[in-house]
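Inspection log for the structure reproduced underneath, given as structure tokens.
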Amino acid sequence: MSSERQYGWMWDEACELVDAAERAQRRLLRYVGPGADAAVWAPPVDIQEIAEGVVVVFALPGVALEDIELRLEPAALVVRAERRWKLAHPDAVIRRLEIPYGSFVRRIPLSGVPLVLSATRYEHGCLEVRLVRVMESDL
């Protein structure tokens, strides 16, 4: 098989995988109806364990800091926020919408040693939350 033919086949496979991922994302982000608590999207999250505890990073591009609510529960870290809808111009005609808008609630389960909120930072559309372990002597 020629290398040109081989790469053409691999390109077709890659395109099919991208199409399948886009279909899955559209199913995930479907409209769930009106209401203040209707969550219509969920941000991707990175979770890293460090010596002191856990660092959780939420990708929130386009979300204003004042629209983010963070809550640490006994068994979960909960982030609730809203990406507000904004037209570029009052006469704009929408041709395509791929960026999800509206509210979301993302709950990250926590187990094991109790954690407390150490610090938060919001930079370049990413919310970083640092949780540190509570030592038994601190209880």
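The values are calculated or read from the model by the stated rules, or taken from the named source; none is laboratory data. Values in this document were obtained by computation on a predicted structure and should not be read as measured data. Neighbour counts are summed over all protein chains in view; Cβ atoms, including those assigned to glycine, are modelled from backbone coordinates with ideal geometry.
The numbered conditions (1) modelled with pLDDT under 95; (2) of a type outside the set (S, T, N, Q); (3) touching a strand residue (DSSP E or B) at 6+ places or on another chain (Cβ under 8 Å) are all true for A92 except (3).
For region 74-86, does any single residue satisfy the condition of being more than 18 Å from Q48 (Cβ to Cβ), loosely packed, with under 13 Cβ neighbours inside 10 Å and of a type in the set (D, E)? Scanning region 74-86, I find no residue that is more than 18 Å from Q48 (Cβ to Cβ), loosely packed, with under 13 Cβ neighbours inside 10 Å and of a type in the set (D, E), so the answer is no. Residues of region 74-97 that are within 18 Å of A59 (Cβ to Cβ) and part of a loop (DSSP other than H, G, I, E, B): R84 alone. Do we have any residue at all in region 55-68 that's small (G, A, S), at pLDDT 95 or above, surrounded by 10 or more Cβ atoms within 10 Å (Cβ to Cβ) and within 26 Å of V132 (Cβ to Cβ)? Yes, region 55-68 has at least one match.
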